[in-house]
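First comes the structure, then the notes that go with it.
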Amino acid sequence: MLGAIAVWAGCSGGTTILTPQHVSTSRPTGAPARTATPSGAPSSAPSSGATLAPAAVATALQKVEASYQNLPHTSLEDDLNTLVAQMVSSGAYRSAVLNPGGISAKLPDGTPVLIFADRAEDLAGATASARQGASSSRGRLDAPLSGSHPHEIAFLVNETDTSGAFTPTRQFAYGNAFTQSGFGAATGFGVDAVDVTLANIVSLGIGHPFDFLTIDTHGLIGSDPDNPLATNTYYAWLSDTPVSDALIAQYQSDYNAGNLIQGIYLTIDKGSVVPVTFSFTPAFLTEYTKFNPGAIVDNGSCWGQNPLIAANVQGTFQAAGVGRYFGWTKEVGGKDADETDGFILDRMLGEAPMVNGQTVDTGLDQYANQHVPPQRPFPLDQIDTVMATENRNSPIEAAQSEPYTQSNNNYSINAKAPPIADGTLARLVISDFGGESVANPTILYGLPSISLMYVTEGLANGLLTIEGNFPAASGGVQITDSSGTYPLPPLTWSPTEITVNLPPGGNGSAGLVQVLSTFNAATAITSNAVPLTQWSGTLVYNETDQIPDLGGDEGSGTGTLQVTYNLTIRDDVHPTVPQIDASAVPQNFTFTGPQGNSGATVTAFNGTFTSVDEGTPPPTMYHATFALAQGAVTMVPAMPSGQGVPSGTFDIGAYGGQPSPCNNARAGPQGVQGNVFCPVAAFDSLDTGTCNDDDSGLLCGGGLLSPSLNFGLPPGVGHVGGQLILTMDPSTYAITVTSNPATFMSSHFDGESYDRSATGSMMGSFSLPLNAPTSTTPALRGRSAIARPGSR
């Protein structure tokens, strides 16, 4: 079972890190969850002793809106102070006080009301006609809620605010990005983007435990205006649910407790009639919904982490099982909040996910700057860190000289709110309650993500090591080639490394590798697909020996030896992105050895030797000939590779310390482009050659010859100082073969002497690679139709 994440649109302040605490509740089937306000974090919303009908409350609040529209709008702080004075002096309100984000007030009968002004300054520069045009073209975007699932991703957004303060299409696009990335019914997720109404909150609370929740609406720090003490504060969001007698009766206990309060938002658009709706507190939200253990709440609304209410809000969410909480300290620009969320989601999901064998378009390139090649998913911890170091730069708005964790639009109202030292700056603050330490944390702390791979070859299989970031709970691995998709059961699994066995050749021995969040691919969230590239080729070693003596007799002769390597090799050579927003880094081309289905054979062994006996005239000529033995066997790869070459085996693979231009034979990125690999090729044949006397029987010692050799070792190491050079084209990933010939002392033609001068070289070719990387070309990002979340 996975955990949960919730995302909110708002502001945030200094954080208090609390000891992880998890509260479980039980409820009747089909009934919303109800949890008590957590101890130590009391809800400070004033209780309602209301006697006025909702219509009378609406009339009083709309008069405040009308008065606001006739104010100068040169300073929001001055306008709000004027409103507070007018409300009390008019006798229509018993008390009123200016709070961060708006006004808290009470009507004469004691009915508490909230007047939200957290986005008013955002809109002061827009013309009325532009705002009216935007609002008139807005349509409701809601789709039916998804069915009940163990994990829910939901976006609640204010759809009825006609001022232009919110852009619901962004939240719907963010939900669609999850849907496109494989989050759906098959993988145990519901994805929904709907209006921020009480009905939707309660409906989501039945069968939709959150892994991810966003709320984008007005936020305000309220207080009891009869007793306006700094310690008597609470946090509230504005819903889109109009107030009615029926709903007050339905939620009477929450209304009486101050978890629901009547409210209105201010707008300078005189052409709109602003409805009076319910505002709700974190206590209401956690009462009617459920968070999976380790949930993350990213509150993008204003003031959600302000020091006046931060501990209260954090405590409420922590008691509900939330593991991480994001919020802004002060009023945040609407575009800034959306841009920060777009950055988080794009880096979390990855820029070119592969779902069901197809690369999909998340659509997030409209909200976050993306890369070529596309970036893989990154863990949330890394995203949190990078956000504080990268300046804003996205298609949403012009580049800014402030990081994604800051928003400073010079809103004057911010300067009077704590933290005073920050002035008009709003900060994104992240409170970590240890969500990753729960038994089954949400997968959104770190989706499966492959950074790089390498193979350690064996005769029966290859050991594939996969490095990257992976969920804590073990899942699966699969490989796809032209013949199909094959499971690769993990041998080991950790959050940073997985190992699996690969077939030594044939189907499933190379291809696109993906890590799965579960053992069953049909129910898994999949990682980025990384190609394990494969080449097949033939290398031919040729050696010519000078034979000055044989069997103790001097003379002259020459010999020729040829060995043919039929090879299959594999390596991960795709450009890897080691860190968020870093440039793609080329990886060394290197391999530890040939695949287990490779082979080598001595394909030529011949020569002659002549000795002259000068002791008895006339001189006597003695002859010996060398030939390839009948039935010579194919040598198999020496396994484990690099551990010596026993008789009847061969090897070709990494050897460090090669001179320039060879790379260092290490897997992964090495700081420079590693396209040149100089492996060592070795063999130790079994009963390969014969030596035959013509008549005397004096030259050949009898038996069969079994030559052996290491070619490609640096000068002074082993028997050969030649160099085998494999050069990979960085565009096509094709390999060319060259060699520097070697001159050395050989023992092949009697197996004992080492005084025979020999030359050797290797040549050959490899076929075009199978499963070559394509990530150096831009990802396909056609504008696919947005599939609205909730429609699945």
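Estimate the FRET efficiency between residue 734 and residue 582 by the formula 1/(1 + (r/R0)^6), using the beta-carbon distance for r and 22 Å for R0, to the nearest 0.05. Can you show the working numbers first?
Working: r = 27 Å, r/R0 = 1.23.
E between residue 734 and residue 582, to the nearest 0.05, is 0.20.
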> Amide H to amide H under 5 Å from residue 604: which residues, 5+ apart in sequence or cross-chain, H placed 1.01 Å off N in plane?
Replying inline: 562
>> Spelling out what I want: for every residue of the stretch 491-505, take phi, set θ = phi - 60°, compute 6.51 cos²θ - 1.76 cosθ + 1.60 (Karplus), and round to whole Hz; glycine and proline get x.
In response: 8, 9, 8, 9, x, 10, 8, 10, 10, 9, 8, 10, x, x, x
>> Per residue, how large is the accessible surface of the stretch 179-279? Use a 1.4 angstrom probe and give square angstrom.
In response: 26 Å²
>> Would you report the distance distribution of C-alpha pairs in the chain as whole percents per 10 angstrom bin, up to the bin with the largest distance?
In response: 3, 13, 19, 17, 12, 10, 8, 6, 5, 3, 2, 1, 0, 0, 0
>> Before I look further, what does the stretch 309-354 give for accessible area per residue, probe 1.4 Å, in whole square angstrom?
In response: 10 Å²
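Only Lys, Arg, Asp and Glu count, each charged at its Cβ (+1, +1, -1, -1), so figure out the dipole size of the chain about its Cα centre, rounded to 20 debye. Write down the numbers at each step before the final one.
Values: 27 positive and 65 negative charges, 644 e Å.
In debye, rounded to 20, the chain gives about 3100.
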> lysines near residue 106 by alpha-carbon distance under 17 Å, same-chain residues fewer than 8 away left out - which ones?
Replying inline: 63
>> If the reach is capped at under 15 angstrom between alpha carbons, list the aspartates and glutamates near residue 335, excluding any in the same chain fewer than eight residues apart.
In response: 118, 121, 122, 216, 397, 402
> Applying the Karplus parametrisation 6.51 cos²θ - 1.76 cosθ + 1.60 with θ = phi - 60° to the phi angles of the stretch 454-462, what ³J(HN,Hα) value in whole Hz is obtained for each residue in order, glycine and proline being reported as x?
Replying inline: 8, 10, 9, 6, x, 5, 8, 6, x
>> Quick one: 3J(HN,Hα) in Hz for the stretch 193-210, Karplus 6.51/-1.76/1.60 with θ = phi - 60°, rounded, Gly and Pro as x.
In response: 10, 9, 5, 7, 10, 4, 4, 5, 4, 5, 5, 5, x, 9, x, 9, x, 6
>> Using a Debye calculation, one point per C-alpha and no hydration shell, please list log10 I(q)/I(0) for the stretch 558-621 at q = 0.12, 0.29 Å⁻¹ in order.
In response: -0.63, -1.13
>> Relative contact order for the stretch 586-651: what percent, with Cα pairs under 8 Å and sequence separation of 6 or more?
In response: 34 percent
> So how much accessible area does residue 416 have, in Å² to the nearest 10, using a 1.4 Å probe?
Replying inline: 140 Å²
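In whole percent, how big is the carbon plus sulfur part of the accessible area of the chain, probe 1.4 Å, protein atoms only? It would help to have the intermediate numbers written out before the result.
Numbers: 15620 of 28810 Å².
Carbon and sulfur: 54 percent of the exposed surface of the chain.
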>> On C-alpha positions alone, give me the angle between the axis of helix 334-349 and the longest principal axis of the chain, in degrees, nearest 10.
In response: 30 degrees
> Taking the Cα centre of each part, how many Å lie between the stretch 561-624 and the stretch 321-371?
Replying inline: 51 Å
> Full extension from residue 421 to residue 522: what is 0.36 nm times the residue separation minus their Cα-Cα distance, to one decimal in nm?
Replying inline: 31.1 nm
>> Quick check on the stretch 246-352: take the gyration tensor over C-alpha atoms, sort the square-rooted eigenvalues as a ≥ b ≥ c, and tell me if it's rounded (a/c under 1.5), prolate or oblate.
In response: oblate
> Which percent of Cα-Cα pairs in the stretch 491-622 sits in each 10 Å bin, short to long?
Replying inline: 9, 23, 21, 14, 11, 10, 7, 4, 1, 0
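How many Å² of accessible area per residue for the stretch 526-639, probe 1.4 Å?
Values: 4160 Å² over 114 residues.
About 36 Å² of surface per residue is accessible.
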> Under the rule of -39500 (n - 2.57) per DSSP H run of 4 or more residues, summed and divided by the residues of the chain, what mean residue ellipticity at 222 nm is obtained, to the nearest 500 deg cm²/dmol?
Replying inline: -4000 deg cm²/dmol
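Evaluate the relative contact order of the chain (contact order divided by residue number), counting alpha-carbon pairs under 8 angstrom at least 6 apart; express in whole percent. Intermediate values should be presented prior to the final figure.
Values: 2221 pairs, mean separation 101.6, N = 792.
Averaging sequence separation for qualifying contacts and normalising by length gives 13 percent for the chain.
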> Under 5 Å between amide H atoms, partner at least 5 residues away or on a different chain: which partners does residue 406 have, H built in plane at 1.01 Å?
Replying inline: 428
> Can you give the % of DSSP beta bridges in the chain that are antiparallel, to the nearest 5?
Replying inline: 80 percent
> Helix 168-180 sits at what angle to the longest principal axis of the chain, using alpha carbons and giving 0 to 90 degrees rounded to 10?
Replying inline: 30 degrees
> From the Cα gyration tensor of the stretch 397-514, with a ≥ b ≥ c the square roots of its eigenvalues, which class applies: rounded if a/c is under 1.5, or else prolate if a/b is larger than b/c, or else oblate?
Replying inline: prolate
>> Rounded, prolate or oblate, given the Cα gyration tensor of the stretch 301-395, with a/c below 1.5 counting as rounded?
In response: prolate
> What are the lysines whose alpha-carbon lies under 22 Å from the alpha-carbon of residue 416, with same-chain residues fewer than 8 places away excluded?
Replying inline: 330
>> What does DSSP give for the stretch 270-409 in terms of the percent of beta bridges that are antiparallel, rounded to the nearest 5?
In response: 50 percent
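The values are calculated or read from the model by the stated rules, or taken from the named source; none is laboratory data. These numbers come from a predicted model, not from an experiment. Every residue, glycine among them, receives a Cβ derived from its backbone with ideal geometry; neighbour counts consider all protein chains shown. The protein model used for the area step is the full one, side chains on, heavy atoms only, and it has no ligands, DNA or RNA in it. Shrake-Rupley method; radii C 1.70, N 1.55, O 1.52, S 1.80 Å.
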